[in-house]
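For reference, the structure is listed below as structure tokens.
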Amino acid sequence: MTERLIIFDTTLRDGEQSPGASMTREEKLRIAKQLERLRVDVIEAGFPAASNGDFEAVRAIANTIKDSTVAGLCRANDRDISRGVEALKGAKAWRVHTFIATSPLHMEKKLRMTPEQVLEQARLAVRFARNNCEDVEFSPEDGSRSEVAFLCRVLEAVIKEGARTINIADTVGYAVPQQFGEFIRTLRERIPNSDKAVWSVHCHNDLGMAVANSLAGVMIGGARQVECTVNGLGERAGNTSLEEVVMAVRTRRDFFGLETRIDTAQIVPASRLVSQITGFVVQPNKAIVGANAFAHASGIHQDGVLKARQTYEIMQAEDVGWTTNKIVLGKLSGRNAFRQRLKELGIELESEEALNAAFQKFKDLADKKAEIFDEDLNALVSDEAVTAATERWRLVHMSQASGMGEQPHATVVLGEGGVERKAESRGDGPVDATFKAIESIARSGADLLLYSVNAVTQGTESQGEVTVRLARGGRIVNGVGADTDIVVASAKAYVNALNKLASEVERVNPQLQTTP
């Protein structure tokens with residue numbers, strides 16, 4: 001019998017710890033729905049005790065998702081766990097994931113606790129969690145640098161208290177595959193009750209070995225759960241890439257002898273959505289989901305693929321969702337066709353009013369470009385979700401002029417409540433002039449950390465999708481805007497970021513939290 005590998009996605013929690021990747025409740029909910037379509041086993045929705053915003057996001061996801069287990073991360077204390085239980089208890093299936101550091105370095109320098117104190121806190125935390133939730137997972141933070149004898153004592157104790165999943169975290173990406181796999185195997189062999197729990201791995205990519213370490217933990221160590229993120233998103237160099245693990249196991253089923261329940265055709269849509277919301281563009285040569293992942297430039301390769309695809313392709317592009325980028329609609333298409341295509345793309349709008357607003361934007365876009373692609377629809381609906389959110393500022397009008405030998409000039413009109421404010425400014429370029437004009441009205445005092453432009457589709461008619469990252473007072477937010485005019489898209493993105501800075505529901509920068 002082929003064994004099952006559990007896919008635990010932590011894009012919404014650990015992935016969000018990437019600087020600038022903090023998401024709103026609505027953005028998290030959109031990604032969670034896509035992860036459910038992807039059929040991941042467990043969705044780690046966030047860190048409920050981190051902020052009221054994250055608590056509400058976790059609760060919204062727990063109350064919405066039906067086909068995946070929803071997990072929340074909690075430090076090993078009663079307050080965090082109680083907060084997690086409160087956020088999660090509305091879910092059809094839910095899990096409390098609690099953790100504490102176990103390496104000598106972390107216990108001494110960070111926790112300032114003795115090993116015996118850590119052991120007791122881990123044991124009591126799992127007992128408290130188990131009394132409130134049937135499904136409890138325990139992670140020893142910095143587990144890969146922990147002493148085997150002490151870690152065995154901790155893990156034996158938490159399994160005895162009711163932990164059903166034991167997750168070994170390579171928190172700083174220090175492990176190497178053979179050593180990590182053998183480390184997990186040693187733990188399982190030395191702990192008397194190790195068979196009472198599912199063993200899991202959580203690896204970071206600091207040395208570029210997160211996927212390799214995770215798969216070694218599976219094949220050598222006997223782990224049957226992998227914690228990962230879409231696009232490998234995560235703090236520092238990122239986490240284990242979900243798409244790489246899933247497709248490695250599927251493509252090399254002969255070697256791994258494992259299967260997942262993932263609907264692989266949803267991988268690329270998930271990748272695009274996460275990239276779009278976080279502003280982290282996927283590099284073209286990224287395995288599975290990069291734009292060049294199935295491209296062949298070499299003449300020899302092209303000739304081979306034309307004769308027989310398997311000569312140079314070990315996977316089919318269609319299997320992971322590379323079936324979009326086709327013309328789907330035009331300016332003569334009606335509302336029903338638009339609604340149906342959104343449904344096929346897995347896009348759900350909250351109300352008939354939201355559909356009507358998105359449809360009008362679609363018509364406006366169709367007047368600007370003759371061919372509308374699936375990527376255009378995703379960008380359009382994302383832009384609509386952005387503007388539909390509670391907002392302080394609204395872009396009413398803008399214009400700009402630039403030319404060789406002339407200093408660019410921009411005029412911007414912003415709406416605030418029922419009042420419209422106008423400003424003009426010059427700058428080093430049209431985007432700079434536009435941003436300065438916006439700032440002269442908003443006076444946000446924010447620092448611009450990132451300005452990124454990505455073409456939604458190919459060709460000069462393509463929409464430009466702009467990401468603006470702003471920071472103020474320890475908070476980092478992304479703003480996204482799309483338009484066939486790059487400067488207009490830039491203005492939309494900047495205003496969107498300003499609205500997020502003004503929003504009370506946005507969470508504090510998650511980098512301030514310490515987690516596995």
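The values are calculated or read from the model by the stated rules, or taken from the named source; none is laboratory data. For clarity, every value in this text was computed on a predicted model and none was experimentally measured. When we count neighbours, we look across all protein chains shown, and the Cβ atoms used for this are built from the backbone with ideal geometry, even at glycine. Note: accessible area is taken over every heavy atom of the protein model, side chains too, but ligands, DNA and RNA are not part of it. Shrake-Rupley method; radii C 1.70, N 1.55, O 1.52, S 1.80 Å.
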Checklist entry - When the Kirkwood radius is taken over all Cα pairs of the range 149-203, what Stokes-Einstein diffusion coefficient follows at 25 °C and 0.890 mPa s, in µm²/s? => result 213 µm²/s
Item to check | Surface accessible to a 1.4 Å probe, Leu105 within the full protein complex, Å² | outcome: 90 Å²
Checklist outcome for this item: Here D for the range 56-214, in µm²/s, from Stokes-Einstein with a Kirkwood Rh over Cα pairs at 10 °C and 1.306 mPa s, works out to 100 µm²/s
Next on the checklist: What number do you get for the range 145-273 when its Cα radius of gyration is normalised by 2.2 N^0.38 Å, N = residues?
Outcome noted: 1.07
Next on the checklist: Need the list of lysines near Lys492 for cross-linking: C-alpha distance under 22 angstrom, and skip anything on the same chain fewer than eight residues off.
Outcome noted: Lys28, Lys361, Lys363, Lys368, Lys369, Lys422, Lys436, Lys500
Checklist entry - Once phi is turned into θ = phi - 60°, what whole-Hz ³J(HN,Hα) does the Karplus curve with 6.51, -1.76 and 1.60 give for every residue of the range 439-445, x standing for Gly and Pro? => result 5, 5, 8, 6, 6, 6, x
Checklist entry - Per residue, what volume in Å³ does the Cα convex hull of the chain take up? => result 168 Å³
Next on the checklist: Straight-line reach from Lys160: which lysines fall under 29 Å, measuring Cα to Cα and dropping same-chain residues less than 8 apart?
Outcome noted: Lys89, Lys92, Lys109, Lys110, Lys196
Item to check | Phi to ³J(HN,Hα) by Karplus 6.51 cos²θ - 1.76 cosθ + 1.60 over the range 202-219, Hz, x for Gly, Pro | outcome: 9, 10, 9, 9, 4, 9, x, 10, 4, 5, 4, 5, 4, 5, 5, x, 6, 7
Next on the checklist: Probe radius 1.4 Å, ligands and nucleic acids left out: which of Lys368, Lys92 has the largest accessible area, and how do the rest follow?
Outcome noted: Lys92, Lys368
Item to check | Solvent-accessible surface ranking, highest first, for Leu450, Leu119 at 1.4 angstrom | outcome: Leu450, Leu119
Item to check | Volume of the Cα convex hull of the range 72-123, divided per residue and given in Å³ | outcome: 71 Å³
Checklist outcome for this item: Counting only backbone N atoms under 13 Å from a point 7 Å out along Cα-to-Cβ of Val198, the residues of the range 111-144 in range are 135-138
Checklist entry - Percent of accessible area on the chain owned by carbon and sulfur, 1.4 Å probe? => result 49 percent
Checklist outcome for this item: Excluding residues fewer than 8 positions from Lys33 in its own chain, the aspartates and glutamates with Cα under 12 Å of it are Asp67, Glu348
Checklist outcome for this item: Sorted list, accessible surface of protein heavy atoms, 1.4 Å probe, largest first, for Met404, Met209 is Met404, Met209
Item to check | Separation of alpha-carbon centers, the range 1-58 and the range 169-209, rounded to whole Å | outcome: 22 Å
Item to check | Accessible area of the chain divided out per residue, in Å², using a probe of 1.4 angstrom | outcome: 43 Å²
